[in-house]
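For reference, the structure discussed in these notes is given below.
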Amino acid sequence: MTRSRPVVSSGLIAVGGILLFAGLIAFWGRVAIYDPHGFSSRAIEVLENDAVRTVVTENVVDEIVARGSAQLVAVRPVLELAVGQVVESRPFRAIYGNAVRQAHASLFAPDQAIVLELLDLMIIVDGAVRAIDPQLAERLPDVRATLIQLRKRDFAAQAIATGTRVRFLGWLLPLLAFLAFGAGVWLASDRDRAVSRVGVSAAAAGAAVTATVGIGRAILMSSDLEPLAERALLGIWRPFAGDLAIWGLGTAVLGIALAAAAASAFRPVDIRADADRVRRALTTVPESRLGRLARALGIVLAAVAMIRWPSTLMGGLGIAAGLYALYVGLNELIRASGIGIEGEVPRGAQSSGRAAGLRALRHALTAAILVLGLVGAGWLYVSSRSATAPGDPGGIRRCNGHAELCDRPLTDVVLATGHNAMAAAAEPGWFFASQDGGLRRQLEFGMRGFMIDTYYGFAVSRGVRTSPLHERSRQTLIEEFGVEFTEAADRLAARLGPVEEGARPEVFMCHVMCEVGATRLADALTDVREFLESNHDEVVVIILEDGTRPEDTVEAFREAALDELAFVKRPSEPWPTLAEMIDANRPLLVMTESGATGPPWLHSGWELMQETPYAFRTPADFNCAESRGRPDSPLFILNHWIHKVTPSPADADSVNAYDVLLRRALECQMERGRVPNFVAVNFYDRGNVLAVVDALNGIPASSPESLP
């Protein structure tokens, strides 16, 4: 058994290298291909490539022209311009991301084709075309562009589906590799040499992985492709295979470092001797026929590779030379530092004590390299999981619910916004409601922008009476709000009773008249503060249609302790990202429509905002024309509701529908040249407001949990 131990040790180390090679590839497949989040994130990254976007644009335009009227051929350049703008937009990425995830999910559905089909594509194409040529938009067909379709019996589909059934190998094979390496070192009679062989085996596995990626790229590019298609294929290859090449190279570097540290115990590097061994290996003809045949075949294959893929081969040789140079350099560095070969003991040192100390130091260095490799592998695994598993509470940070928004300035983020957010049917005393729930329920639902009106009122026993400061003539009320509203306000005022003599007015959230609905402003702001304190990664914007003096408005914020969370936008400073606002503990932006200011955090709204019109009587009246605010104001309000004295939930069901709202938002984004930061609606929970906001932010729909 003693004599066979070196052979078994060497065999285990070799097997460990093979397992590590296969394990790196299996782990990459698990993270990049078989995990739905990892796959979709890489597929979305593909769109960063100009050639890929061009190919997608041509594919979509081909579908539109093929399914539309013959006249569309003549306007193909216009379609290409519009679709090109769409493909570069965040909403397209959201739709594309949804399509990728659905296609990935079909891998697990029996007897279902794998189809990458862009549902809802024409919603955003229609908006882009309408901004260029409204008449052309009316002639567009309904198209669901299919970018990829694989049948279950296709080789690619079968290969992917087979891989999903053995994805557990992504963690099992690396584990077996480490066990084989450990057993090989334990069985070895000279463990320094065994550890060095482990390093060489790991380096060979890593280099083989990197070489495999290079060969795959070379084969992919070997087809007779047009330049655009070749660039597009490279744009797809890099996001998916780039990680694997880096992992392989990193493994090779760690293996070389380990081999150099361990080899310093028994020999210095002799470059001439190594070169001589390589020369003899290349020039010596084997004696056996089988050996000569293998050598000849190897030469032929090398020649073919040199002719067919010269750059790939030279790149591989360059990496190999670099790894050898790293091995030589580290070995020399360790020897020069005095912790190398035990026989090289400085004069005057006690040989046995010095040798023991050097051995311990070298073993510590070797252990440190091993620990570094294990920690790196663990970090790679954890980071890949956290980056692709949004449902994991220990994962990456999310601002307003999405990691993608953290690094964006507020001017580049879309918020779901409640129009007349205070007028809520669920709140006591509110008539003519514009929303179903109050501010707290809207916050919990996902709304992050709030348009609220402030008035002075007197709290009486049965409600709130509007302060005389806001009184209007009866005829003005009838002309502006109708007979029904005015008579209801009269009846309610009579029931509420008189205001006590000497009573002081307070600031309420009201709409025109506090008799038809009122909530004390400080109480509502307290709800906002409590929400922000309980949800530390959220940013909220309040837009005040303020009928109250700024000092009284400020006092309500101070009573709610919400002023402490208010952000100050200084003209000389750029807009912060959401994460920066949150980290500064200033996650609230407050703006006034009156232009009134006070403390620095109370901003004059129309210096920062611009908007669309808002008095739309029917959906046909919707437009994107300029209204209040300066054209260069950085924040853009999309007003999207049907203007009625008694807001209608049925209207909201219609105009808040995904296709209607997204189409108009994109049309206004194209026409006005800026992101609609506030998508302002009535009845926030009708239609599909949050899905539209996510699409405008480029956030794909929620996806299934990561694979086990």
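Residues to consider are Ala296, Ala232, Ala265; find the one that is part of a helix (DSSP H, G or I), in contact with a helix residue (DSSP H, G or I) (Cβ under 7 Å, 6 or more places away or on another chain) and either of a type in the set (A, V, I, L, M, F, W, C) or at pLDDT 80 or above (or both). Please lay out each step first, then the result.
On the way: Ala296 fails: in contact with a helix residue (DSSP H, G or I) (Cβ under 7 Å, 6 or more places away or on another chain); Ala265 fails: part of a helix (DSSP H, G or I).
Step by step, each of Ala296, Ala232, Ala265 is checked, and only Ala232 is part of a helix (DSSP H, G or I), in contact with a helix residue (DSSP H, G or I) (Cβ under 7 Å, 6 or more places away or on another chain) and either of a type in the set (A, V, I, L, M, F, W, C) or at pLDDT 80 or above (or both).
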Item to check | Count - residues of the stretch 590-629 that are open to solvent by 10 Å² or more (accessible area, probe 1.4 Å) and out of contact with any Leu (no Cβ under 9 Å at 6 or more places or on another chain) | outcome: 22
Item to check | the stretch 642-670, residues that are assigned to a helix (DSSP H, G or I), of a type in the set (A, V, I, L, M, F, W, C) and either crowded, with 17+ Cβ neighbours inside 10 Å or in contact with a Phe, Trp or Tyr (Cβ under 9 Å, 6 or more places away or on another chain) (or both) | outcome: Ala652, Val655, Val660, Leu661, Leu662, Ala665, Leu666, Cys668, Met670
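Checking the condition within 25 Å of the chain's Cα centre (by Cα), more than 23 Å from Val539 (Cα to Cα) and not aliphatic (A, V, I, L, M), which residue from Asp659, Asp621, Asp651 passes? Quick ask: steps written out before the conclusion?
On the way: Asp621 fails: within 25 Å of the chain's Cα centre (by Cα); Asp651 fails: within 25 Å of the chain's Cα centre (by Cα).
From the options Asp659, Asp621, Asp651, the qualifying one is Asp659.
Quick check, is Ile271 open to solvent by 50 Å² or more (accessible area, probe 1.4 Å) and modelled with pLDDT under 70?
Working: open to solvent by 50 Å² or more (accessible area, probe 1.4 Å): yes; modelled with pLDDT under 70: yes.
For Ile271, the condition - open to solvent by 50 Å² or more (accessible area, probe 1.4 Å) and modelled with pLDDT under 70 - is met.
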Next on the checklist: Just to be sure I understand the filter: pairs with C-beta atoms under 6 Å, separated by 6 or more residues or on different chains, first member in the stretch 39-68 and assigned to a helix (DSSP H, G or I), second member among the acidic types (Asp, Glu). Which pairs pass?
Outcome noted: Val61/Glu80
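Do we find a residue being touching a strand residue (DSSP E or B) at 6+ places or on another chain (Cβ under 6 Å) and modelled with pLDDT under 95 anywhere in the stretch 469-481?
First pass over the stretch 469-481, keeping only residues touching a strand residue (DSSP E or B) at 6+ places or on another chain (Cβ under 6 Å): 469-470.
Next cut, modelled with pLDDT under 95 only: 469-470.
Within the stretch 469-481, one or more residues are touching a strand residue (DSSP E or B) at 6+ places or on another chain (Cβ under 6 Å) and modelled with pLDDT under 95.
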Next on the checklist: Taking the criterion of being closer than 26 Å to Ala424 by Cα, not in a loop (DSSP other than H, G, I, E, B) and not small (Gly, Ala, Ser), would at least one residue in the stretch 625-633 satisfy it?
Outcome noted: no
Item to check | Where a residue in the stretch 617-635 is farther than 19 Å from Val590 by Cβ and its partner, wherever it lies, is of a type in the set (Ser, Thr, Tyr) and open to solvent by less than 80 Å² (accessible area, probe 1.4 Å), with Cβ under 9 Å and at least six apart | outcome: Pro619/Ser654; Phe622/Thr612; Asn623/Thr612; Cys624/Thr612; Ala625/Thr612; Glu626/Thr612; Ser627/Thr612
Checklist entry - For the stretch 75-97, which residues satisfy the criterion of being within 20 Å of Ala665 (Cβ to Cβ), open to solvent by less than 40 Å² (accessible area, probe 1.4 Å) and part of a helix (DSSP H, G or I)? => result Ala82, Val83, Gly84, Val86, Val87, Pro91, Phe92, Ala94, Ile95, Tyr96, Gly97
Checklist outcome for this item: Condition set in contact with a helix residue (DSSP H, G or I) (Cβ under 8 Å, 6 or more places away or on another chain) and either at pLDDT below 80 or more than 21 Å from Ser89 (Cα to Cα) (or both), scope the stretch 45-74, selection surrounded by the fewest Cβ atoms within 10 Å (Cβ to Cβ): answer is Val73
Next on the checklist: Looking only at helices (runs of 4 or more DSSP H) that lie completely in the stretch 108-219, which have at least 2 residues being modelled with pLDDT of 70 or more?
Outcome noted: 121-132, 134-137, 169-187
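State whether one or more residues within the stretch 444-456 are among the hydrophobic types (A, V, I, L, M, F, W, C), farther than 30 Å from Arg30 by Cβ, in contact with a helix residue (DSSP H, G or I) (Cβ under 7 Å, 6 or more places away or on another chain) and modelled with pLDDT of 90 or more.
Yes, the stretch 444-456 contains at least one residue that is among the hydrophobic types (A, V, I, L, M, F, W, C), farther than 30 Å from Arg30 by Cβ, in contact with a helix residue (DSSP H, G or I) (Cβ under 7 Å, 6 or more places away or on another chain) and modelled with pLDDT of 90 or more.
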Next on the checklist: Show the residue pairs meeting these rules: Cβ distance below 8 Å; 6+ apart or different chains; first residue within the stretch 235-250 and farther than 19 Å from Ile319 by Cα; second residue open to solvent by 50 Å² or more (accessible area, probe 1.4 Å) and among the hydrophobic types (A, V, I, L, M, F, W, C).
Outcome noted: Trp237/Leu220
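The values are calculated or read from the model by the stated rules, or taken from the named source; none is laboratory data. Predicted model, so just to flag it, every value in this text is computed and none were measured. Glycine gets a Cβ as well: all are built from the backbone with ideal geometry, and neighbour counts include every protein chain shown. All accessible areas refer to the heavy atoms of the entire protein, side chains included, with ligands and DNA or RNA removed. Shrake-Rupley method; radii C 1.70, N 1.55, O 1.52, S 1.80 Å.
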